[in-house]
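Read the structure below first, then the notes.
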Amino acid sequence: MAVDRSDITKLSKLARIQISDEAADEAAKSISDVLALVDQLQAVNTDGVLPMAHPLDAVQRLRADVVTEPNQREAFQAIAPATQDGLYLVPQVIE
């Protein structure tokens, strides 16, 4: 899939962005190059290739799943305009 100047011009009008013909040509070429690379990547046969989360066998160090902050809900809700049963009350915005 190739992008040409007319596509960029249409997009610039939709985005209300003024773009020169030279910049439109350059943008069209850049986008076309990216799309060509995507087409090239999609052509690769990946059957039998296992998906991986990271190219290196790195292991994410995780911290212990423990609460480290004290519960201050009552202190925060004490300064709120309106609360009820532990919830913040807000004005209705949708009828």
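The values are calculated or read from the model by the stated rules, or taken from the named source; none is laboratory data. The structure displayed is predicted, hence computed values, not measured ones. So basically every Cβ, Gly included, is an ideal-geometry build from the backbone, and we count neighbours across all protein chains shown. All accessible areas refer to the heavy atoms of the entire protein, side chains included, with ligands and DNA or RNA removed. Shrake-Rupley method; radii C 1.70, N 1.55, O 1.52, S 1.80 Å.
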Output the relative contact order of the chain, whole-number percent, from Cα pairs under 8 angstrom with separation of 6+ residues.
20 percent
Compare the Cα positions of LEU11, ALA80, VAL38 along the charge dipole of the chain (+1 at Cβ of Lys, Arg; -1 at Cβ of Asp, Glu; about the Cα centre) and return the one farthest towards the positive end.
ALA80
Given H placed 1.01 Å from N in the peptide plane, which residues other than close sequence neighbours of THR83 have an amide H under 5 Å from its amide H?
LEU89
For the chain, what class follows from the C-alpha gyration tensor (a ≥ b ≥ c being the square roots of its eigenvalues): rounded when a/c is under 1.5, otherwise prolate if a/b is larger than b/c, else oblate?
oblate
The chain: angle of helix 21-42 to the longest principal axis, Cα-based, in degrees nearest 10:
80 degrees
So which trypsin sites (Lys or Arg not before Pro) in the range 1-73 end up in coil per DSSP with only 15 or fewer other C-beta atoms within 10 Å?
ARG16, ARG61, ARG63
With the full set of protein chains in place, find how many percent of the accessible area of the chain is carbon and sulfur; take the probe as 1.4 Å.
58 percent
Given a 1.4 Å probe, how much area per residue of the chain is accessible, in Å²?
98 Å²
Return one number: the angle in degrees, 0 to 90 and rounded to the nearest 10, between the long axis of the Cα atoms of helix 5-14 and the longest principal axis of the Cα atoms of the chain.
30 degrees
